[in-house]
Amino acid sequence: MVSTIEVSEIHKAYGAVKAVDGVSLEVEAGEFFGILGPNGAGKTTTLEIIEGLRQADAGQVRLFGSSPWPRNSAVLPRIGVQLQASSFFERLTAREQIRTFASLYGVGPKKADEMLDVVGLSDKADTRAEKLSGGQMQRLSIACALVHDPELVFLDEPTAALDPQARRNLWDLLRAINTQGRTIVLTTHYMDEAEILCDRVAIMDRGKILQSGPPAELVRGLDAATHIAIETGVLPVEEARRMFDGTVEVDDDGVSLTFVTRTPAPVLATLAERNALRGLSVRGATLEDVFLNLTGREYRA
Amino acid sequence: MNRGFVSLSRAMLLGFVRDRTALFFTILFPLMFLALFGGLLKNQGVSRSQVVEVGQVAVLDQLPADAKAEISKVLDVTKMADPAKALDAVRKGDYAAAIEQQGDQVVVRYSAADLVRAGTVRGIMESLVQQSNLALAGTPPRLKLNSEQVEDKSLTAIQFVTPGLLGWAIATGATFGAAMTLVTWREKRILRRLRLSPVSIGSVIGARVGVSIGVALVQTAIFLGVGLLPYFGLKLSSYWWMSIPVILVGTLSFLSIGLLAGAWAKTQEAANVIAQLVVLPMAFLSGSFFPLDSAPKWLQTVAQIFPLRHLNQAMLDVMVRGKGPEAVLPQMGILAGFAIVVTALAAWLFRWDDV
Ligand SMILES: Nc1ncnc2c1ncn2[C@@H]1O[C@H](COP(=O)(O)OP(=O)(O)OP(=O)(O)O)[C@@H](O)[C@H]1O
Ligand SMILES: [Mg+2]
C-alpha cells in the first residue's frame, strides 16, 4: 500500500534563505502527524509544497501516490486545507462562505450549516467574514477545510488565535475526525498540543527536521529531569536543601519551591512523610525539553 | 465544473451588489451624467442640417425675416428645381431631407441613414406648418419664431448621449469588475484557496464573464429605461435589439482589459489606477461624452484602437441611426478580435498568487 504522504529530500530556497533544506517524511493513512517548530522554521513552506501550492526546488512529493504539482485535480477533492492566513470571499457572510466552499466540492447547504454549528459559529452565520474576530475567522476557515469530509486534512496552526475553550473544542473535533480514520497533518508552535494530539511529530528548525517520532518516545529518549513543585512557605529553602544533601536541585521563586531531580520517587516520599505536599505539581520532561536538547536553545514560539 | 461556476458567480454577484462604491460607479454615476446631459442638452441643437428645397415651399419662403434668421441657425437650405435630382442627393446622404410643397401639402422626404437629423428636419417643418396654419386661422402671426417649440421636438441630444454614456458605463463596470476581482482574490488568497479546490480555471473565469455580462445587461436595461422616459424622450430605431449582441462582445473586450490589468497589477490600488488610466481617456476619445465629429482627423484615427469607440459606433448605428443588423458586423468582429488577443495576453501573465 502506498503511504498517504511521501516526501523525500525536498528543498526550497527564497534567495539566500533556505526555507526548506532537505526534508523527508512519510505519513500513513489514519495518522495524526504534527510538524513543530519556531517561527520561520519552514513549516508552512513544507506544508504548501506537499499540498501542491508551491513547487519544490528539488526533491519529490507523492500525495496518494501521485505528484501534487502542477495542480493535480485527482487529489484535490480528497484533501482539505486550512491555510495559515484565512482566505474568504469579500462581503459574504459566514454561512455564505462555507456554503460556497461546500458547493465547490458538491456538498449541499445542509451539511455546510451543520459544519458551521460544529465549530460553534451558528450564531455568527449572518455576520460577514471580515467582521468576525480572529479566532472566529480561524474556526470558519477550519470548517471550510473540513466541510467535504476529506480523507486528508492539512491544518496550518489551527489553534493559533483560539481562546483556551475553543482550542479544547477543536482538539476534540480533530480527535473525532482522526478516529473516523482520516489523516491529519498540522503545524503548531505548542508543544503541549503536539503531545496531546499527535501520533507522531517532526521537530523542525531552520528548514530541517531535527527529529521525529511519537511524542512519548522522544521525551523518554531524553532522560530529562522531573520538576516537583510545592507551595512556597510549606518548607524553608535551607531545610529542603538539607533534606536531600544537595543531591537535588532546589529553587524557590517566591511562589513555589521546586525540586529538580532524575529520581522523583524518593523526593516525593520524603515530602509526603513531612506532610509537605500542599500545592503539589509534578512535571516530567516535555517536547519543550526535547527541543531545548536538540537545539541548545530555549523553545520560544 | 458546473457547480463551481454557479456558486462562484453567486459569490461574485453578492460581493458586487454589496459593494456600494462599485454600484455607484458602474450604475448611478453614469446615470447622473445621462440625466445631466440628456436634461441640459435638451434645448441645445446639433449642428445645422442640410436640406434641399424643391421648387417653391411657401412655409419657408414666406417667413418673416427674423424667423428666417432663426431657422437658418438649424437648417441650411439649398434650392433645387429637379425633384428627382433632389431625391438622389438625399439618398446619397448629401442632404438630410428634401422638402417640397404640393398645394396644401408640405412633403418631407428623408433617408433612414440618419434618423436624428431626419427627425430634426421633420420636427422643424411640422412646427412651421403648424405656425402658418395658426396664422391662416386669423391668429396674429408671431413675429419671432418660438425657438423652444422648434427645438423641443427635434434636436434630442438624448439620442447620441444614451449609447455613448451606456458604453462608458459598461466599459467601467466590466474593466473594473475583472481587474478588481482578480487582484482582490489574489491579495486575499482566495485564488490560492480555489487552486486547492477541485474547481476548474474555466469555472472561475466563466463566473466572472457571466457576472459581467449580467451587469452589462442590467446597465443597458436601466439606461434605456431612463432614456425612454417621456422627459428624456429617447427614440429607439427598429433594430435596437441588435445592440444586445454588440454589448456582449463589447463587454468581453472590456473584461479582457480588466483581466490584463488584474494579471499585471500587484495591489488593488495599482489595479484601480491602471483601469482608471485606460477607461477615462478611452471614454473621451471614443465619443462617450461628446461626438468626435469635430475632432482632428488624426485623433479620430487614434481612437480606433479603443474597443469603446467601436462599441459606441455600433450602438449608435443600431439604436438610433436605424441601420440594419448587418451594418455592425465589422465592429463586432473588431471587438471579438480585441477580446481574444488581450485575453490571451492576460492568460499568459496570470498568476495564482504573489509568490
Ligand atoms: N514567499 C516568500 N518569499 C521569501 N521568503 C519566504 C517566503 N515564504 C517564506 N519565506 C521565508 O522562508 C522561511 C520559512 O518560512 P515559513 O513560512 O515556512 O515558516 P513557518 O515555520 O511556517 O513559520 P511560522 O511559524 O511563523 O508560520 C522564513 O525565513 C521566511 O522568511
Ligand atoms: Mg507558518
Could you please find all residues in the stretch A:234-247 being surrounded by fewer than 17 Cβ atoms within 10 Å (Cβ to Cβ) and touching a residue at least 24 places away in the same chain (Cβ under 8 Å)? A:Phe244
For A:Ala285, are the conditions met, namely being at pLDDT below 85, surrounded by 13 or more Cβ atoms within 10 Å (Cβ to Cβ) and either assigned to a strand (DSSP E or B) or small (Gly, Ala, Ser) (or both)? yes
Given (1) away from chain B (no Cβ under 13 Å); (2) within 16 Å of ligand 2 (Cβ to nearest atom); (3) in contact (Cβ under 8 Å) with a residue 60 or more places away in the chain, identify the lone condition not met by A:Asp156. (1)
Could you tell me whether any residue of the stretch A:55-64 is among the polar types (S, T, N, Q), buried (at least 21 other Cβ atoms within 10 Å of the Cβ) and within 14 Å of ligand 1 (Cβ to nearest atom)? no
Conditions (1) at pLDDT 90 or above; (2) open to solvent by 10 Å² or more (accessible area, probe 1.4 Å): number failed by B:Val204: (1)
Just checking, how many residues over the stretch A:1-27 are closer than 26 Å to A:Glu151 by Cβ and without any contact (Cβ under 8 Å) to a residue 40 or more places away in the chain? 2
Just one of (1) surrounded by 15 or more Cβ atoms within 10 Å (Cβ to Cβ); (2) among the basic types (Lys, Arg); (3) under 15 Å from B:Leu128 (Cα atoms) trips up B:Arg48, so point out which. (3)
A:Arg99 - would you say it is farther than 26 Å from A:His189 by Cα, at pLDDT 90 or above and more than 16 Å from ligand 1 (Cβ to nearest atom)? yes
Given the conditions (1) within 23 Å of B:Arg189 (Cα to Cα); (2) within 16 Å of ligand 2 (Cβ to nearest atom), which single one is not true for A:Gly34? (1)
Matching option when the condition is surrounded by fewer than 23 Cβ atoms within 10 Å (Cβ to Cβ), away from ligand 2 (no atom under 16 Å from the Cβ) and away from chain B (no Cβ under 14 Å), among A:Ala13, A:Ala29: A:Ala29
Can you tell me how many residues in the stretch A:80-128 are more than 14 Å from every other protein chain (Cβ to nearest Cβ), within 18 Å of A:Leu170 (Cβ to Cβ) and open to solvent by 30 Å² or more (accessible area, probe 1.4 Å)? 7
Residue that is over 28 Å from A:His11 (Cα atoms), open to solvent by 10 Å² or more (accessible area, probe 1.4 Å) and within 14 Å of the chain's Cα centre (by Cα), where the choices are A:Asp149, A:Asp172: A:Asp172
For the stretch B:7-110, which helices (runs of 4 or more DSSP H) that fit wholly inside it have 3 or more residues that are of a type in the set (A, V, I, L, M, F, W, C)? B:29-40, B:58-61, B:65-72, B:83-92
Just for the stretch A:46-79: of the residues that are basic (Lys, Arg), away from ligand 2 (no atom under 13 Å from the Cβ) and in contact (Cβ under 8 Å) with a residue 40 or more places away in the chain, which one is nearest to the other protein chains (Cβ to nearest Cβ)? A:Arg78
How many residues are open to solvent by 60 Å² or more (accessible area, probe 1.4 Å) and free of Cβ contacts under 8 Å to residues at least 40 places away in the same chain if we restrict to the stretch B:310-339? 4
Residues to consider are A:Lys43, A:Lys18; find the one that is touching a Lys or Arg at 6+ places or on another chain (Cβ under 9 Å), within 16 Å of ligand 2 (Cβ to nearest atom) and of a type in the set (Lys, Arg). A:Lys18
Residue check: is B:Leu349 under 27 Å from B:Glu187 (Cβ atoms), open to solvent by 60 Å² or more (accessible area, probe 1.4 Å) and in contact (Cβ under 8 Å) with a residue 24 or more places away in the chain? no
Selection count where residues are open to solvent by 10 Å² or more (accessible area, probe 1.4 Å) and out of contact with any helix residue (DSSP H, G or I) (no Cβ under 6 Å at 6 or more places or on another chain), scope the stretch A:187-196: 4
Which residues, counting only those in the stretch A:1-10, are open to solvent by 80 Å² or more (accessible area, probe 1.4 Å) and closer than 13 Å to A:Ile49 by Cα? A:Glu9
For A:Ser73, the lone unmet condition from (1) touching a Pro at 6+ places or on another chain (Cβ under 7 Å); (2) open to solvent by 10 Å² or more (accessible area, probe 1.4 Å); (3) at pLDDT 95 or above is (3)
In the stretch A:152-169, the residues that are among the basic types (Lys, Arg) and either buried (at least 22 other Cβ atoms within 10 Å of the Cβ) or within 13 Å of ligand 1 (Cβ to nearest atom) (or both): none
Are there any helices (runs of 4 or more DSSP H) wholly within the stretch B:228-309 with 3 or more residues that are open to solvent by 80 Å² or more (accessible area, probe 1.4 Å) and farther than 12 Å from B:Ala171 by Cβ, and if so which? B:268-285, B:297-302
Among the numbered criteria (1) modelled with pLDDT under 75; (2) open to solvent by 80 Å² or more (accessible area, probe 1.4 Å), which single criterion is violated by B:Leu115? (2)
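The values are calculated or read from the model by the stated rules, or taken from the named source; none is laboratory data. All values reported here derive from a predicted model rather than from experimental measurement. For neighbour counting, all protein chains shown are included, and Cβ atoms are generated from backbone atoms with ideal geometry for every residue, glycine included. Just so you know, the surface numbers come from the protein's heavy atoms only, side chains and all, with ligands and any DNA or RNA stripped out. Shrake-Rupley method; radii C 1.70, N 1.55, O 1.52, S 1.80 Å.
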